[in-house]
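Every number here is computed from the coordinates shown, using simple stated rules; none is lab data. Since the structure is predicted, the reported quantities are computational estimates derived from the model, not experimental observations. Virtual Cβ from ideal backbone geometry, glycine too; neighbours counted across all protein chains shown.
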Amino acid sequence: MKRLILLGGGHAHVHVLEALGRQPIPGCEVLLVSPFERQIYSGMLPGWISGHYTIEACGLNLPQLAQRAGVRFVHAAGETLDATGRCLTCNDGTRLEFDLLSIDTGSRSSIEAIGGAAQHALPVRPIETFIAGIEALLARCREARDQPVAIIGGGVAAVELAFAIHYRLASEGHSRVALQVIGDAGLPLDGLASSLQWKCLEMLNERGIHWHAGSRVVELTGQHAVLDDGTRIPAGHALLVTGAGAPEWPRASGLAVDGRGFIQVGRSLESVSHRGIFAAGDVAAYADARPKSGVYAVRAGPPLAANLRRAAAGETLAEWRPQRRALYLIATGDRHALGAWGPFGWWGRWVWRWKDRIDRGFMRRFGNPHVG
Ligand SMILES: Cc1cc2nc3c(=O)[nH]c(=O)nc-3n(C[C@H](O)[C@H](O)[C@H](O)COP(=O)(O)OP(=O)(O)OC[C@H]3O[C@@H](n4cnc5c(N)ncnc54)[C@H](O)[C@@H]3O)c2cc1C
């Protein structure tokens, strides 16, 4: 009997679990290793902060998905990996040997890149820590209304969180809390359609959310965000939503990683250095480089599932080329959203309804009974 370990219950692995539920791999024991019993769908997280969804509606039940797939759920985090010795050690000391390993553990917040961030900022990842911390941060905002909030990072997640927090505080009558987004690009949503970037800036301005362009935060003091040119921006509270960073353990595992520490995989999603070890989602550095985004994690699921089956059977792996462009639907708090596809941008309430339908459909597909 071969053993396949699915490490992490990320967006690609929920597809693998679904595929295993439809058709098990003969002669293969499958384990899912996850430190949390639920997998939060980040696309709906800003809607939870805004009050449009319950947190139960935003999570997938991993033990249940595993059970339906005939997979054993191991409630632990992978801590160290011996890629050559084919052994994963978990944070509870459990040692799990494997024939095949698939890694979908996501990215982490690069907290060490900013001095004082560990003490003075709430990082967006791990998402469960963020969920536990955001209500306390909002409570502090309501109490100390003169303390501005800094959202550090100017990408999709930073902008969505800024709009969501603004909407939540305003709907509770706390619209005087000063919110600011500090990004190192000229406009928010760097890399997306320029019409959308300008619209986003206009909407931030309309809501009184200040956009600090071309600003790189190097230190947080608890009172200020200090920029690399020495400018001090008042910031009593801070959220860290800068780009995705790699976890430490892949580099130490012997797996080939790219310059940032993400696991290098070929077009089959198999490690370029170790046969039988696969990676997908944010933790992977794809052969065709793509941004770290949920779209590419979700899309990797079906080809990953097919190649894990082929690997177990000793068959030749198939190649996968991620799509060049991804659809971004960005919630702006008030049941309105911005949409982008390559050079095209749209916005409106209909975009929110579209996004809401897609998100709820995704959750329903994977058995969430709370999405309505
Ligand atoms: C607020 C917010 C909004 C976003 N909006 C969008 C959007 O609109 N569109 C978009 O494309 N992207 C969006 N993103 C980015 C998107 O969330 C990520 O790209 C996506 O989650 C990556 O999926 P993944 O499967 O790689 O990892 P994840 O979704 O992070 O899942 C990884 C899983 O692995 C688990 N895990 C971590 N470490 C270990 C370990 N050592 N052992 C075992 N398990 C482990 C985690 O608990 C988690 O369950 C957003 C992100 C945020 C934070």
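Could you please state, rounded to a whole Å, how far the C-alpha centre of the stretch 61-129 is from the C-alpha centre of the stretch 150-219? Value for the Cα centre distance between the two parts: 30 Å. A simple spin-label model places pseudo-atoms 7 Å from Cα toward Cβ; at residue 82 and residue 344 they are separated by 5.3 nm. Taking θ as phi - 60° and the Karplus parameters 6.51, -1.76 and 1.60, the scalar couplings of the stretch 333-345 work out to x, 9, 6, 9, 8, 9, x, 9, 9, x, x, 9, x Hz in sequence order, x denoting glycine and proline.
Rounded to the nearest 20 debye, what is the charge dipole size of the chain about its Cα centre when +1 sits on each Lys and Arg Cβ and -1 on each Asp and Glu Cβ?
Details: 39 positive and 34 negative charges, 221 e Å.
It works out to roughly 1060 debye.
Considering only DSSP beta bridges whose two residues both sit in the chain, what percent are antiparallel, to the nearest 5? Walk me through the numbers on the way to the answer.
Numbers: 31 of 64 bridges.
So the antiparallel bridges in the chain amount to around 50 percent.
The 3J(HN,Hα) values that the Karplus relation (6.51, -1.76, 1.60; θ = phi - 60°) gives for the stretch 183-189 are, in residue order, x, 8, 9, x, 10, x, 6 Hz. Gly and Pro appear as x.
Between the helical axis of 156-171 and the longest alpha-carbon principal axis of the chain there is an angle of about 50 degrees. Of 217, 88, 339, which is farthest on the positive side of the dipole of the chain, counting Cα position, with +1 on Lys and Arg Cβ, -1 on Asp and Glu Cβ, and the Cα centre as origin? After comparing all options, I get 339. When only alpha carbons of the stretch 315-372 are considered, Rg and Dmax amount to 15.3, 50 Å. Listed peptides 47-53, 64-70, 103-109, 280-286 appear in the order 280-286, 103-109, 47-53, 64-70 once ranked by packing, highest mean of other Cβ atoms within 10 Å at the front.
Per the Kirkwood formula on distinct C-alpha pairs, the Rh of the stretch 106-154 is how many angstrom? All intermediate terms of the calculation are to be shown ahead of the outcome.
On the way: mean 1/r = 0.0841 Å⁻¹.
It works out to 11.9 Å.
Over the stretch 36-168, all Cα pairs binned in 5 Å intervals from 0 give whole-percent P(r) values of 2, 8, 14, 18, 17, 14, 11, 9, 5, 2, 1, 0, listed from short to long.
Around residue 9, under 11 Å between beta carbons, what's the net of Lys plus Arg minus Asp minus Glu among the other residues? Present the calculation step by step, with values, prior to reporting the outcome.
Details: positive: 38; negative: 37, 104.
After counting each charged neighbour, the total is -1.
The stretch 252-271 and the stretch 327-370 have Cα centres separated by 32 Å. The residue 206 and residue 119 beta-carbon pair, evaluated with R₀ = 41 Å, returns a calculated FRET efficiency of approximately 0.75. If only the Cβ of Lys and Arg carry +1 and only the Cβ of Asp and Glu carry -1, the dipole of the stretch 55-126 around its Cα centre is close to 140 debye. Sorting 2-14, 196-208 by their mean Cβ neighbour count within 10 Å, with the most densely packed peptide first, gives 2-14, 196-208. Residues whose amide H comes within less than 5 Å of that of residue 239, counting only those at least five positions distant or on another chain, are 122, 150, 151, 152 (H built at 1.01 Å from N in the peptide plane).
Dipole orientation for the chain: of the candidates 354, 9, 54, 354 has the Cα lying most toward the positive pole (charges on Cβ; Lys, Arg +1; Asp, Glu -1). Considering only 61, 307, 91, the mean-square fluctuation computed in a Gaussian network model of the chain, springs between alpha carbons under 10 angstrom, is largest for 91.
Restricting to bridges with both residues inside the stretch 168-293, how much of the DSSP beta-bridge set is antiparallel, in percent to the nearest 5? Can you show the working numbers first?
Values: 9 of 14 bridges.
Of all bridge pairs located within the stretch 168-293, approximately 65 percent are antiparallel.
Placing R0 at 35 angstrom, the Cβ-Cβ distance between residue 218 and residue 252 gives a FRET efficiency of 0.80 after rounding to 0.05. Derived scalar couplings between HN and Hα for the stretch 273-278 equal 10, 10, 5, x, 10, 10 Hz in order, rounded to whole Hz, by the Karplus curve 6.51 cos²θ - 1.76 cosθ + 1.60 (θ = phi - 60°), x for Gly and Pro.
Its alpha carbons considered, the stretch 272-372 gives a radius of gyration followed by a Dmax of 16.9, 51 Å. Considering every alpha-carbon pair of the chain, the percent of pairs per 10 Å bin, from zero through the bin containing the longest distance, is 5, 24, 32, 25, 12, 3, 0. With each label modelled as a point 7 angstrom along the Cα→C-beta vector, the residue 370-residue 171 pair spans 1.7 nm. Could you work out how far helix 127-143 tilts from the main Cα principal axis of the chain, as a 0 to 90 degree angle to the nearest 10? With rounding to tens, the tilt is 10 degrees.
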